[in-house]
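The values are calculated or read from the model by the stated rules, or taken from the named source; none is laboratory data. None of the values given here were measured: they were computed from a predicted structure. Neighbour counts run over all protein chains shown; Cβ positions are idealised from the backbone, glycine included.
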Amino acid sequence: MVEPPIFRKVVTGTQPNYLHPEYRSSVKRAPTRPLIVLPPTLSERTGPVFGQHTVGASDHDLTVQHAREPLGERIVVSGRLLDEGGKPVQGALIEVWQANAAGRYKHKMDQHQAPLDPNFSGFGRVLTDAEGRYRLVSIKPGAYPWRNHANAWRPAHIHFSIFGAGLLSRLVTQMYFPGDPLLAYDPIFNCIPDERAKQRLISTFDWENTLPEFALGYRFDIVLRGREATPMEE
Amino acid sequence: MSRLPTASQTVGPFFSIGLSALCRESIECAAEEGRRVTIRGRILDGDGEPVPDAVLEIWQIEDVAKQPEPGERNIERASLPFGFGRVATNESGEFQFSTKKPAARRDVDGAVHAPHLVVLVLMRGLLRHLLTRIYFAGEPANAEDSVLKLVPAERRQTLLAMAPSGSEDTLLWNIHLQGQRETVFFEA
């Protein structure tokens, strides 16, 4: 068993604040008192380890879960999962979910007047390989309206949930698409103070992983909190 | 080479599409000893309104050495790792899960840790998830717990799961996101 990590401190500005009034839902849900700083304890240095049994052979392909293919622009989303030290995170569970090509989620609370697609559930899972790589096949999600502010639309995005090594590396985020004009108006995307950290949530067009006559490639690399560098490594 | 960690974004209102497949109300444990307890409660926002779209992830370590390596256990696909659970709130903001109450232990630095569960709180409106802990009311080791000692005395009760009179095995623990009884949240 590998020694559970002692994690590096979070760099100021690279993560959103809890309260971001432009995102209305944060106002009554963000904690108002300062967080209490924990010393490193094994309870947070360790975390669940998911095995191959968690993921089915075709769970990474959101276009093959039904009798027919979903409507929309086929995409391949791939990338590497690394830690802060640049080391690949292997065997990490990634869960994804997204709207269909019309911008509609298969969820009872989604009231958007756009059609559901009987051939698209919008959910996938994958484990990273020994080099920290993952690959998903899907369709490009549509933008959709929400009620945060006047004429508010969410930019197209895919939700990512990731379990790294240790509970403190747990990450839930959203991947966006390059060139989306809605990004400039989106309070969720714009909640991150650090401009570089924000821009890194936008995937890049990936010509090398674009499949001729089949699907466009997008690359989305993800970095999880990692262990404190030891003097030997520096 | 050093890289900045990817920024967090909210789990949003529709997380159940992606996360419900691994929701379980019963946490599997490696430990053979330990009393099975059910913990239930509600999540309330700053107006005292229930939060119907939250998901909790619960983690407890038992014996680090007993955590299986990937692929080690020949188990069915539906099984989750020992010590891990995930539950969503219902339309009334209520949640419930059961687990084996962990034992008190000493950390690698010798610090005393009373029995506790680690809880991650995710929901629409939270741009980052929250980290908190559940301790057990009446547990003698609480007085020595190195984390509880960091919490102002008047706020410690927000971390205690309480047994209503007449019930030893069902404990109540609510999360108040804001207000007088705001739950203690941690960072590390």
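The listed residues are A:THR46, A:THR41, A:THR54, A:THR14, and the only one of them that is farther than 30 Å from B:SER79 by Cβ and hydroxyl-bearing (Ser, Thr, Tyr) turns out to be A:THR14. Pairs please, first residue from the stretch A:1-13 and touching a residue at least 60 places away in the same chain (Cβ under 8 Å), second anywhere and acidic (Asp, Glu) and in a loop (DSSP other than H, G, I, E, B), Cβ atoms under 6 Å, 6+ apart in sequence or on different chains. If the second residue must be acidic (Asp, Glu) and in a loop (DSSP other than H, G, I, E, B), the pairs left are A:ILE6/A:GLU228; A:ARG8/A:GLU84; A:ARG8/A:GLU228; A:GLY13/A:ASP194.
One residue is enough: does the stretch B:34-41 have a residue meeting the conditions at the interface with another protein chain (Cβ under 8 Å from one of its Cβ atoms), under 19 Å from the mean Cα position of the chain (by Cα) and at pLDDT below 95? Scanning the stretch B:34-41 turns up no residue that is at the interface with another protein chain (Cβ under 8 Å from one of its Cβ atoms), under 19 Å from the mean Cα position of the chain (by Cα) and at pLDDT below 95. Checking A:GLU69, A:GLU73, A:GLU22 one by one, the residue that is modelled with pLDDT of 95 or more and in contact with a Pro (Cβ under 7 Å, 6 or more places away or on another chain) is A:GLU22 and no other.
When A:GLY132, A:GLY122 are screened for being at the interface with chain B (Cβ under 7 Å from one of its Cβ atoms), at positive phi and crowded, with 16+ Cβ neighbours inside 10 Å, only A:GLY122 passes.
Restricting the first member to the stretch B:1-27 and to residues that are within 7 Å of another protein chain (Cβ to nearest Cβ), and the second to residues that are aromatic (Phe, Trp, Tyr), the beta-carbon pairs closer than 6 Å and six or more apart or on different chains are B:PHE14/A:TYR105; B:ILE17/A:TRP97; B:ILE17/A:PHE123; B:GLY18/A:TRP97; B:GLY18/A:PHE123. Restricting A:VAL137, A:VAL223 to those that are closer than 30 Å to B:ILE61 by Cα and in contact (Cβ under 8 Å) with a residue 12 or more places away in the chain reduces the list to A:VAL223. One residue stands out in the stretch A:29-43 among those that are part of a loop (DSSP other than H, G, I, E, B) and over 24 Å from the mean Cα position of the chain (by Cα): the one that is surrounded by the most Cβ atoms within 10 Å (Cβ to Cβ), namely A:THR41. Per this entry, A:ARG170 is counted among residues that are surrounded by 19 or more Cβ atoms within 10 Å (Cβ to Cβ) and in contact with a Phe, Trp or Tyr (Cβ under 7 Å, 6 or more places away or on another chain).
The residue pairs whose first member lies in the stretch B:166-182 and is away from chain A (no Cβ under 14 Å), whose second member is exposed (fewer than 12 other Cβ atoms within 10 Å of the Cβ) and among the aromatic types (Phe, Trp, Tyr), and whose beta carbons are closer than 8 Å, counting only pairs six or more residues apart or on different chains, do not exist in this structure. For the stretch A:51-86, residues that are farther than 22 Å from B:LEU19 by Cβ, within 14 Å of chain B (Cβ to nearest Cβ) and not in a strand (DSSP E or B) total 3. Among residues of the stretch B:112-139 that are more than 19 Å from B:ALA188 (Cα to Cα), those with a beta-carbon under 7 Å from a residue that is among the small types (Gly, Ala, Ser) and part of a strand (DSSP E or B) at least six positions away or on a different chain give the pairs B:MET123/B:ALA54; B:PHE136/B:ALA161; B:ALA137/B:ALA161. Which one is modelled with the lowest pLDDT, of the residues in the stretch A:1-19 that are among the hydrophobic types (A, V, I, L, M, F, W, C) and within 20 Å of A:GLU84 (Cα to Cα)? Of everything passing the filter in the stretch A:1-19, A:VAL2 is modelled with the lowest pLDDT. Checking B:SER79, B:SER16 one by one, the residue that is hydroxyl-bearing (Ser, Thr, Tyr) and at pLDDT 85 or above is B:SER16 and no other. If you check B:ARG133, B:ARG124 for being within 30 Å of A:HIS159 (Cα to Cα), at the interface with another protein chain (Cβ under 10 Å from one of its Cβ atoms), crowded, with 22+ Cβ neighbours inside 10 Å and of a type in the set (D, E, K, R), only one passes: B:ARG133. Restricting the stretch A:154-194 to residues that are within 17 Å of A:PHE220 (Cα to Cα) and assigned to a helix (DSSP H, G or I) leaves a set whose member that is farthest from the other protein chains (Cβ to nearest Cβ) is A:LEU183.
Counting the residues of the stretch A:9-27 that are surrounded by 17 or more Cβ atoms within 10 Å (Cβ to Cβ) and more than 21 Å from the chain's Cα centre (by Cα) gives 0.
Summed over the stretch B:43-55, residues that are surrounded by 19 or more Cβ atoms within 10 Å (Cβ to Cβ) and either more than 11 Å from every other protein chain (Cβ to nearest Cβ) or not small (Gly, Ala, Ser) (or both) total 6.
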